[in-house]
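The values are calculated or read from the model by the stated rules, or taken from the named source; none is laboratory data. Everything numeric in this text was worked out from a predicted model, so none of it was measured. Quick reminder, even Gly has a Cβ in these numbers, built from the backbone with ideal geometry, and neighbours come from all protein chains shown. Areas reflect the complete protein model, heavy atoms only, side chains present, ligands, DNA and RNA absent. Shrake-Rupley method; radii C 1.70, N 1.55, O 1.52, S 1.80 Å.
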Amino acid sequence: MKKHATRREHRTNRRALRATLRRRTAGTRATQRAVRAVNTGTPQPVRTRLIAAGLDDATAKRFAGAFSRGLLADDVRETRIKLKARVRKTVQVKLYAASTFAARLATYRPKDALAAARFETLAGVAA
């Protein structure tokens, strides 16, 4: 273990290590939550299905809208989202069954080459 020159460097290093641990923990919990939700067999939002399939939360959030564009939803539910201040709005969330999701995953490829490779890997694992 490296000895730090100053107390400030030591604190900075420890803070960075704690932040890394928090990010990893949050990612693991999000994945476990998504897997449990998908295993129930009920229709789920695209983002949940992408996380359960193996994408990280940020990438799933980024591509969920484009992934589901033009796809007919199997079910719809309403949820409330928070806007500015205390304002809340009720919005519809499209839910997709496993078969619909698998069919779309087999054909969807984003323009970004790195993301397209990740989706191709997911499609190969899911098939």
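Quick notes
- Screening T20 against (1) at pLDDT 95 or above; (2) of a type outside the set (F, W, Y); (3) under 10 Å from the mean Cα position of the chain (by Cα) leaves a single unmet condition, (3).
- Criterion violated by F101 - all others in (1) farther than 20 Å from A30 by Cα; (2) in a helix (DSSP H, G or I); (3) touching a residue at least 40 places away in the same chain (Cβ under 8 Å) satisfied: (1)
- Qualifying residue in the range 43-54 (condition: under 25 Å from T107 (Cβ atoms) and open to solvent by 70 Å² or more (accessible area, probe 1.4 Å)): yes
- Scan the range 5-37 for residues that are of a type in the set (S, T, N, Q), loosely packed, with under 11 Cβ neighbours inside 10 Å and either in contact with a Cys (Cβ under 8 Å, 6 or more places away or on another chain) or part of a helix (DSSP H, G or I) (or both) and the total you get is 3.
- Every condition in (1) surrounded by 10 or more Cβ atoms within 10 Å (Cβ to Cβ); (2) part of a loop (DSSP other than H, G, I, E, B); (3) at pLDDT 90 or above is met by L71 except one, and the failing one is (3).
A quick yes/no check of all residues on (1) of a type in the set (A, V, I, L, M); (2) within 17 Å of F101 (Cα to Cα):
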{"site": "A5", "(1), (2)": "yes, no"}
{"site": "L17", "(1), (2)": "yes, no"}
{"site": "A26", "(1), (2)": "yes, no"}
{"site": "R36", "(1), (2)": "no, yes"}
{"site": "G41", "(1), (2)": "no, yes"}
{"site": "R47", "(1), (2)": "no, yes"}
{"site": "I51", "(1), (2)": "yes, yes"}
{"site": "A60", "(1), (2)": "yes, yes"}
{"site": "A66", "(1), (2)": "yes, yes"}
